[in-house]
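Remarks on the structure that follows.
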Amino acid sequence: MHISITQKLFIAILTAAGLAVVSLVLIMQWNLSRGFLRYVNALESSSMSRLANRLEQSYGDDPGWQSLRQSRSAWYDLVRTSLPEENVPPGSDSRDLLKKPVPPPVVRHFVQRLFLLDARKKPLVAEATPTGESELTPLRHDGKVVGYLGLLPRTSISDDHQKRFLRQQKATFILVAGVIVLLAAGLSLLLARRLVKPVGELARATGSLAAGDFTIRVPAGSGDELGRLAQDFNALAEVLAKNEQARRQWVADISHELRTPLAVLRGEIEAIQDGIRQPSPETIHSLHGEVLRLGRLVDDLYQLSLSDLGALTYKKSEFDLAELLSASIAGHRDGLATGGITLTEKIPAGPLPFYGDRGRLHQLFANLLDNALKYTSPGGQLHVAMEQTAQLITIHFQDSPPGVPAAELDRLFERLYRVESSRSRSTGGAGLGLAICRNITEAHGGTITARPSPLGGLWIEIELSRKGRRP
């Protein structure tokens, strides 16, 4: 049988409350019985003191209590007058108390446990047999012990009035316990529904999220664990929505990047097929350029996907990082000169040992140099510098205008992101170079950041940790 969380929580709370109430009622009933028995014994002890005083007073007029031995009624009357009166109105004369009758059952139960002994502890008047548990009260006359008065203690309530009182009290306890349990049941149901309501909302929202509705949100009003869970769910939904948007943009951008060279290839080939153009060396060169461009795009996508999956291989060894940077700059020196870009470099003369993948780091430097070549206006500047400390190696690429708006600097390393979406792909590339640079840098335990350049363009800063260096 399926039991909901609300029912389980209701049963758990109600069971705990019920056990607490039942335990409390049982303890109170047990304590009431014991307490009432102690109370009755205390009243009888008080009666014993009054009876002992009367016996000591009567001893002078009746030495040896001969009248008590011979007359049970005299003993009975003496005991009755020593018992406390019931329902005595305020201001009553104490002498009137002796005239009011005490219910016979009270006297009978009391007399049945009384006994009177002489000075040698021999029975004079005994309704009960003395035992070791009996409490003896010495009776004195003229300073001498003339006898002992004893009473067997009660072990249970035997009087009908007292039993009726106990039953009424226990019935009241049971009634109160029943009312408390009913109230606990109502409060438990309300509490269970209130506690489970956020869980139900989360469950429904999770179903909508699984169905693809990333706009779903749940209220997070409380500050407890459920409130924090709702906040985490909303944060998860926000991340999934952004990822879905990025996925759609990624697919759209990839489709656009692939469609452009394919459209050019198709147009050139169809023109040759229709006889509009002849397969001249220029035509073949144009087709070859588009194929190379398409191949570079596919290769970049492949490299980026391998890096995301962690499957991009890195063959690390120790080499001179300064020499590698100098070699990368040397390979782009002619291209920079052709573009009218003035190159200045500040690289340490001595060897700079570093443990990493030489090929991947060469790709990193080449991508950054290509990026500067593509986006620096003719007649601009490019400054490359390398610094080192005991822990870090820092490499700077600073170029001249055009720059990048400050609001878009953090997005430069996103795949397929371009500051100018309308810019020609043949000039700006596919927007994957900086994303690959970030993956290569992070694979070497470093960081790459972008900021405005003092020269007016873009400043790319790479920090590589020297802890990865082989000892």
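The values are calculated or read from the model by the stated rules, or taken from the named source; none is laboratory data. Keep in mind that what you see is a predicted model, and the values were worked out from it rather than measured. Heads up, the Cβs are rebuilt from the backbone with ideal geometry, glycines too, and the neighbour counts pull from every protein chain shown.
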- From the list 178, 227, which residue is more than 30 Å from residue 433 (Cα to Cα) and under 27 Å from the mean Cα position of the chain (by Cα)? 227
- The number of residues in the stretch 195-234 that are in a helix (DSSP H, G or I) and either among the polar types (S, T, N, Q) or surrounded by 11 or more Cβ atoms within 10 Å (Cβ to Cβ) (or both) is 24
- Message: Can you confirm whether residue 30 is at pLDDT 75 or above and more than 28 Å from residue 120 (Cβ to Cβ)?
- Response: yes
- Query: Would you call residue 152 surrounded by 14 or more Cβ atoms within 10 Å (Cβ to Cβ) and closer than 30 Å to residue 48 by Cα?
  - Reply: yes
- Query: Could we say that residue 49 is closer than 25 Å to residue 164 by Cα, in a helix (DSSP H, G or I) and assigned by TED's automatic domain parsing to the domain that holds residue 175 here?
  - Reply: no
- Task: Filter the stretch 407-438 for residues that are in a helix (DSSP H, G or I) and either modelled with pLDDT of 85 or more or under 22 Å from residue 293 (Cβ atoms) (or both) and give the result.
- Result: 425, 426, 427, 428, 433, 434, 435, 436, 437, 438
- Restricting attention to the stretch 344-353, does a residue exist that is at pLDDT 75 or above and part of a helix (DSSP H, G or I)? no
- Message: If I filter the stretch 159-178 for residues that are acidic (Asp, Glu), modelled with pLDDT under 80, in a loop (DSSP other than H, G, I, E, B) and assigned by TED's automatic domain parsing to the domain that holds residue 110, do I get at least one hit?
- Response: yes
